[in-house]
Amino acid sequence: MSRSVPPIVPAYPAGRPRRMRRTAPLRAMMAESVLTAADLIWPIFVTDVAGADVEIASMPGVRRLTIEGAVRAAEEAATLGIPAVCLFPFTDPALRTEGGEVAWSPENITNRAIRAIKAAVPEVMVMTDIALDPYNINGHDGLVRDGIILNDETVEALVRMAMAQAEAGADILGPSDMMDGRVGAIRAATEAGGFRDVTILSYAAKFASGFYGPFRDAVGASGRLVGDKKTYQIDPANTDEALRAVARDLAEGADMVMVKPGMPYLDICRQVKDGFRVPVFAYQVSGEYAMIEGAVRNGWLGEKVIAESLLCFKRAGCDGVLTYYAPRIAAALKG
């Protein structure tokens, strides 16, 4: 890592920083961080439950989509220059079980949506979510026994889930569960199974945050969650633990890493980028979206804060960001 050089700052009046802010072209020339549509991954919610393809009350402007709607979203992404969509399922409550077996069914909603999108818009990458909370009856990312979230048994289930997604044509696997050892197990399985080119974007630094509430509404896990996720997600107070988690996932074979949530954890984004020099993503999660969108819709903030919030991720060292604002900001950038 290069050593920083102390800046030379001439005294006033020789130094007038406002010279470089005087016009829009000058400001654009001096911009240290730039946001483009290529930096965006668009999270979308998919469902085959009758009547569930509606706007999510806690995420105004965001809807659950049928498979046909997901294909149209991917086509829109291609038009706007968004390189990837990320799928999250809202599954039929009647199909949710203690073991979450539907998670690795080739015919579950996620895997059918992967195949449909790749058939219609092959140039758009499809990222998936690997966790059991949309498929089990208790709202946890792993298997539960006597109130304990099981690690090794969950990892076995996650590997089956990942392989089903890879077989369906997923380009990027996103383990979001935070079980120990799951990245290494998934990497070993994809290598052995002939999916050597499938990328792993690991949710490496995922915090036990209060900002996930609207997302849980979207996937139908809110009313099911018993207890909390503090035994497997990272304490929001801890930086060193997050960096150790990133190091672990990279050592196990992750190609890229994610920090989640986003804006409240920009310090983690910067430290991960500076410390590891690997592709780093952040997730502008549902609670962040709900706060910004709610303030914009109520006139408390102007729409320009949307682009500003996303630019913050680039300034903090992120190579890209998952955001529900992807189509809106990509259209604005294109315009």
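Structural remarks
- With all projection directions averaged, the alpha carbon convex hull of region 263-335 covers 5.0 nm².
- Cα convex hull, region 9-121: 193 Å³ per residue, rounded to a whole number.
- Computed [θ] at 222 nm, helices only, for the chain once each DSSP H run of length n ≥ 4 contributes -39500 (n - 2.57): -11500 deg cm²/dmol
- Computed about the Cα centre, the dipole magnitude for the chain is approximately 1860 debye when only Lys and Arg (+1) and Asp and Glu (-1) carry charge, each at its Cβ.
- Relative to the compact-globule estimate of 2.2 N^0.38 Å, the Cα radius of gyration of region 83-196 comes out at 1.02.
- Region 3-75 and region 107-176 have Cα centres separated by 27 Å.
- Applying a threshold of 29 Å to the alpha-carbon distances of K118/K260; K230/K334; K118/K230 flags K230/K334; K118/K230 as lying beyond it.
- Using C-alpha pairs under 8 Å with a sequence gap of at least 6, the mean separation divided by the residue count of the chain gives a relative contact order of 18 percent.
- Enclosed volume per residue, in Å³, of the convex hull spanned by Cα atoms of the chain: 154 Å³
Each value in this text was obtained by applying a stated rule to the coordinates, not by laboratory testing. Note that the structure is predicted; figures quoted are calculated from it, not measured. For neighbour counting, all protein chains shown are included, and Cβ atoms are generated from backbone atoms with ideal geometry for every residue, glycine included.
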